[in-house]
Amino acid sequence: MLKECLENMRARTPLIHSITNYVTVNDCANVLLACGCSPVMADDIREVEEITAISNGLNINIGTLNHSTISSMSAAGKKANVLGLPVVLDPVGAGASTLRTETALMLMNEVHFTVIKGNISEMKTLVSGSGATKGVDADLADLITDATRAAAVNSAKAFARKTGAIIVITGTVDIVTDGTTAYAVHNGHPMLSKITGTGCMLSAMTAAYVAANPDNALEATLAAVCAMGLCGEKAHARMSGTDGNATFKIYLIDAIYNLYGKTLKSGAQYEIC
Amino acid sequence: MLKECLENMRARTPLIHSITNYVTVNDCANVLLACGCSPVMADDIREVEEITAISNGLNINIGTLNHSTISSMSAAGKKANVLGLPVVLDPVGAGASTLRTETALMLMNEVHFTVIKGNISEMKTLVSGSGATKGVDADLADLITDATRAAAVNSAKAFARKTGAIIVITGTVDIVTDGTTAYAVHNGHPMLSKITGTGCMLSAMTAAYVAANPDNALEATLAAVCAMGLCGEKAHARMSGTDGNATFKIYLIDAIYNLYGKTLKSGAQYEIC
Amino acid sequence: MLKECLENMRARTPLIHSITNYVTVNDCANVLLACGCSPVMADDIREVEEITAISNGLNINIGTLNHSTISSMSAAGKKANVLGLPVVLDPVGAGASTLRTETALMLMNEVHFTVIKGNISEMKTLVSGSGATKGVDADLADLITDATRAAAVNSAKAFARKTGAIIVITGTVDIVTDGTTAYAVHNGHPMLSKITGTGCMLSAMTAAYVAANPDNALEATLAAVCAMGLCGEKAHARMSGTDGNATFKIYLIDAIYNLYGKTLKSGAQYEIC
């Protein structure tokens, strides 16, 4: 199934509209191109609805939100809902500031999201309606362990049922659930946390996978999460000598560019949980 | 002639003011440095005229335009006109939204551009005053074939005469014309469309070539277009094994950094058409 | 001492809040991660104080300032002062426009900076209250020579005493002073001026070093300046064949990622001056 999800994406080459942060936007665009898709970035309120309307999916990321882009996110999201296009939310830093928390909650109120993806601290903030996280990374206190994983999965399932969205919680083990079925993804590598933008790239990629597999959004999301983790492993395996995190980022995007269905199928490590 | 254009640029090290999108701005800056020039990015209305005034050329790119930057583009462009500095317009996504189309047309009305560079869909939008394009890439329906090239060249020539600008239409074959002479450039590689920002980098580079060759803007533009295509070929030739589009981007900018007049002269593939 | 400064940074993993330009922001984030720190970028006035409050240091860079971010810089800086957090100012392009000069002076008036870092043209502008520089690079006329170095050191010392900030003047030889002690740093490589963002990355890195060494800010700043220069040397030494400035940037960040205390101690080249 993951193989078909990737192959559909490469065959259908969806156009993905991203309203995202200026820190990692270039990497998101190149990751979408590596996936065989077309990226378009536009955030002015006067054009976001039109741009969403010509797109196959929308990716909303609040990493460097501001007064102009917040209303654009809302307008584009509503337009995508009207048109039946998939919308992904990446609530970067929810819990780190009132503005981020409130913006994420407002967006969830105004827009129906197909997928909501965050780290455990961000997701706890969205579930509870408030939070306190250390910047844009997950709090150590929040990290999922074997002992706490069952509770995290149950919480994610409940949140998926409440929101109607597929929920992705990223971490050492990633959780993907639509409220009924939950997957634990074991792909990944610690180097993925040594570069900025891994999460943002995953959100953009998820929008692309889901846009190309509209009737199979759960598996498409699972495919995106496995693909990012697997490509992180491949990128790390390619490192040598004096390579560091900058080289790793290049290798990561290269691996996404060179990933095809067969490799994803054989390399994906996940289980129902 | 192309050789001299490049050598003048490396000798004169023009300062290029770019008002450009936040997706590819870092690559544009590094490409200008690779060309031996100095980049400066500034888009606040309170400083753009001053920054243009200390620059040798201006590069306007509407890739992520917004209400603040649109007026800055206009003000900087007018200042450049008053000072006799070359101005390049990259109408990214013209036709994809009303805002982009109208902004490009407004800028063409208020500013005299030395060079206008776009893909065929963007240029058709500017010529006709309206359009419908798929995001920021050219529509397949618009792609220039052998059968349609003569018509595209004639249209580009007419548009050059109407606007007084050198017109560049990028594609598998690039067209460069001042309304009298038209060149078809055969350099390039399909990998150039697998990274974001190739077009933006070309616009920035064109501003640099033209700024260093003010009395020879047509050949300077031709040199920039050949240089980008040739460096795309060189970057692709350097790829191996598990290299993907991220490595290609690094190799592309490296190739621009290492390009000198002799190589450009021998590698440029163009003809009068 | 430099060794301990670096080791403290890697051990304490400070969270650094940057309000910086959109040209080099991705590189700044990846450099902070390469240092073992966490980056967070936020510039909306409604959240900057909260984000600063959860951070260990603040980095303010006016490279692409605008009406929204200027007030955010001021608010975040004041908050950092109240909380006793270190604040670094990078007055990019001060002297190139009235807006940049006035913003830098306003910020110096409203915020107490722990470190102010600029090239010689920018620093001369701040010292004199006005200036005229060529874009964001130092004017050739301003470059420090053996003949003028003593005067530059004295001026830097006086400016450090006046502002209460550690002053860093970057150039072929970098000067670091707290008004009493002054160091001349001989690390570095001309390739560092062939990519955009070296100065911005240094500012971000300085904030990280100082945040992790609050009682030893002068040596921490010296460590950051030596580290950037040394990593530039290492990055250049790794170049070969058709490598250019894009590869150099990757190697530079890789070198920062792989730099540990022992190497910094043995490779740092500085003297009291």
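Here the simple spin-label model places points 7 Å from the Cα toward Cβ, and for B:K162 and C:Q269 these points are separated by 6.0 nm.
Taking 1.306 mPa s as the viscosity and 10 °C as the temperature, the Stokes-Einstein diffusion coefficient of region C:1-130 based on its alpha-carbon Kirkwood radius rounds to 107 µm²/s.
Label-point spacing for A:T13 across the identical copies (point 7 Å from Cα in the Cβ direction), in nm and ascending order: 4.2, 4.2. Rounded to the nearest 500, the 222 nm mean residue ellipticity of chain B from helices alone is -16500 deg cm²/dmol, with -39,500 (n - 2.57) taken per DSSP H run of at least 4 residues. Measuring against 30 Å, Cα to Cα, the residue pairs A:K249/C:K3; A:K124/A:K249; A:K79/B:K79; A:K78/A:K265; B:K117/C:K234 contain A:K79/B:K79; A:K78/A:K265; B:K117/C:K234 as the ones spanning a longer distance. Placing a label point 7 Å from Cα along the Cα-to-Cβ direction at B:T148 gives distances to the equivalent points in the other copies of 5.7, 5.7 nm, listed shortest first. Can you give me the relative contact order of chain B as a percent, contacts being Cα pairs under 8 Å and 6 or more apart? For chain B, the relative contact order is 22 percent. Under the simplified labelling scheme, the B:T172-B:E4 pair shows an inter-label distance of 3.5 nm, with each label point 7 Å from Cα along Cα→Cβ.
By the count of neighbouring beta-carbon atoms within 10 Å, fewest first, A:F159, C:F248 end up ordered A:F159, C:F248.
Charging the Cβ of each Asp and Glu at -1 and of each Lys and Arg at +1, and nothing else, the dipole of the protein assembly as shown about its Cα centre rounds to 660 debye.
Residues whose amide H lies under 5 Å from that of B:I166, counting only those 5 or more places away or on a different chain, are B:V115, B:I116; hydrogens are built 1.01 Å from N in the peptide plane.
Taking R0 as 51 Å, what FRET efficiency do you get between A:T13 and B:D215 from their Cβ-Cβ distance, rounded to the nearest 0.05? Please report the intermediate quantities before stating the final value.
Numbers: r = 44 Å, r/R0 = 0.86.
It comes out at approximately 0.70.
Enclosing the Cα atoms of region A:186-273 in their convex hull gives a volume equal to 94 cubic angstrom per residue.
Look at the dipole of chain C built from charges on Cβ: of C:H189, C:A104, C:H67, the Cα furthest out on the positive end belongs to C:H189. Diagonalising the gyration tensor over the Cα atoms of the protein assembly as shown and scaling each eigenvalue by 5 before taking the square root yields semi-axes of 36, 36, 24 Å, largest first.
For region A:2-272, a simple Cβ point-charge model (Lys and Arg +1, Asp and Glu -1, everything else neutral) yields a dipole of about 300 debye relative to the Cα centre.
Viscosity 1.306 mPa s, temperature 10 °C: give me the Stokes-Einstein translational D for chain C in µm²/s, with Rh taken as the Kirkwood radius over C-alpha pairs.
Once the numbers are plugged in, D ends up at 88 µm²/s.
Label points for C:H112 are taken 7 Å from Cα along Cα→Cβ. From this copy to the others they lie 5.6, 5.6 nm apart, shortest first. Positive contributions from Lys and Arg (+1) and negative ones from Asp and Glu (-1), summed over other residues with Cβ under 14 Å from the Cβ of B:H189, come out at +1.
Of all beta-carbon atoms in chain A, the one sitting closest to the axis that brings chain A onto chain C gives A:Y22, 3, with the distance in whole angstrom.
Read-outs: derived from the displayed coordinates by stated rules, not from any lab. Source: prediction; values computed, not measured. In this analysis, Cβ positions are derived from the backbone assuming ideal geometry, glycine residues included, and neighbour counts consider all displayed protein chains.
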